[in-house]
1. Sort through LYS138, LYS204, LYS134 and tell me the only one that's modelled with pLDDT of 90 or more and either assigned to a loop (DSSP other than H, G, I, E, B) or not basic (Lys, Arg) (or both).
2. Taking segment 40-69, which residues are touching a residue at least 24 places away in the same chain (Cβ under 8 Å) and part of a helix (DSSP H, G or I)?
3. In segment 174-191, what residues are at pLDDT 95 or above, open to solvent by 20 Å² or more (accessible area, probe 1.4 Å) and either assigned to a loop (DSSP other than H, G, I, E, B) or of a type in the set (A, V, I, L, M) (or both)?
4. Among (1) closer than 22 Å to ALA169 by Cβ; (2) assigned to a helix (DSSP H, G or I), where does GLY72 come up short?
5. When PHE153 is evaluated against the numbered criteria (1) open to solvent by 10 Å² or more (accessible area, probe 1.4 Å); (2) part of a strand (DSSP E or B); (3) closer than 23 Å to LEU30 by Cβ, which criterion, by number, is the only one it fails?
6. Output the number of the condition that MET139 fails; it satisfies all remaining conditions of (1) hydrophobic (A, V, I, L, M, F, W, C); (2) open to solvent by less than 20 Å² (accessible area, probe 1.4 Å); (3) under 20 Å from ILE44 (Cα atoms).
7. For segment 46-75, enumerate the residues that are open to solvent by less than 20 Å² (accessible area, probe 1.4 Å) and farther than 19 Å from GLY114 by Cβ.
8. Any residue in segment 70-81 that is in contact (Cβ under 8 Å) with a residue 24 or more places away in the chain sitting within a Cβ distance under 6 Å of a residue that is among the β-branched types (Val, Ile, Thr)? List the pairs, counting only those 6 or more apart or interchain.
Amino acid sequence: MKTLRKLYCRTFQFIMYTGSYALPWRQPALLEGENALRELPDLIAGKQCRSLLVVTDAQLVSLGLLDPLLEGLKKAQVHYTVFSNVQPNPTIDNVEEALALYHQNNCDSLLAFGGGSSMDCAKACGARVVKPNKSVSKMRGLFKVLHKLPPFFAVPTTAGTGSETTVAAVITDSRTHHKYPINDISLIPRWAVLDPTLTAGLPKHIT
């Protein structure tokens with residue numbers, strides 16, 4: 001039994017490794033450098049995004065890190081809605097709350113602002129937008145989304161997760177404590193902002 005399981009795992013790894021060369025991998029387009037965040041509102045407006053859902057956490061809002069971005073969105077005449085209830089390990093409830101706000105405000109695009117938790121929540125929310133009949137739990141595993149997400153912008157404020165470039169999102173069921181890893185190429189953000197000044201506004205141990 002142990003030998004068969006080992007053979008299965010090795011075969012699976014080989015198929016995935018070989019097949020990965022045929023997948024349409026892509027990297028997000030980057031805005032890089034000090035104060036690069038200031039360029040983002042005009043980029044968003046230029047992509048014909050008129051109603052944006054900003055996914056973040058309450059601490060970043062309280063620190064005022066989003067203020068320059070939100071002011072820029074106003075000037076660029078991009079309507080936005082802020083969802084700031086992301087938990088350190090984002091839950092299915094977080095995703096569904098964000099999804100409800102997305103629909104209530106007729107959003108047409110997503111922006112993740114923060115660390116890996118905000119990124120994962122936004123990714124899962126985008127997946128739910130394009131797969132409305134498939135729950136988070138049913139998207140667990142590989143290639144269960146396979147639909148192009150709405151325009152998706154990522155603004156990392158930490159240099160640890162790299163989630164702004166990855167195919168993965170991990171969402172927790174707060175009732176069962178099960179974690180649902182969702183892995184799909186469509187989850188890679190289309191644009192990412194790498195602005196080092198954002199990390200300077202965080203608590204010292206995170207910076």
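The values are calculated or read from the model by the stated rules, or taken from the named source; none is laboratory data. Being a predicted model, the structure only gives us computed values, none of them experimental. Cβ placement follows ideal geometry from the backbone for every residue including glycine, while neighbour counts extend to all protein chains displayed. Each accessible area value is taken on the protein alone, full model and side chains, heavy atoms only, with ligands, DNA and RNA left out. Shrake-Rupley method; radii C 1.70, N 1.55, O 1.52, S 1.80 Å.
1. Working: LYS138 fails: either assigned to a loop (DSSP other than H, G, I, E, B) or not basic (Lys, Arg) (or both); LYS204 fails: modelled with pLDDT of 90 or more.
So the residue among LYS138, LYS204, LYS134 that is modelled with pLDDT of 90 or more and either assigned to a loop (DSSP other than H, G, I, E, B) or not basic (Lys, Arg) (or both) is LYS134.
2. Let us first name the residues in segment 40-69 that are touching a residue at least 24 places away in the same chain (Cβ under 8 Å), namely 40-45, 47, 49-58, 60, 63-66, 68-69.
Residues satisfying the conditions are LEU40, PRO41, ASP42, LEU43, ILE44, ALA45, ALA58, LEU60, LEU63, PRO68, LEU69.
3. ARG190
4. Evaluating GLY72 over (1) closer than 22 Å to ALA169 by Cβ; (2) assigned to a helix (DSSP H, G or I) leaves (1) as the failure.
5. (1)
6. (3)
7. CYS49, SER51, listed by residue number.
8. VAL78/ILE44; TYR80/VAL54
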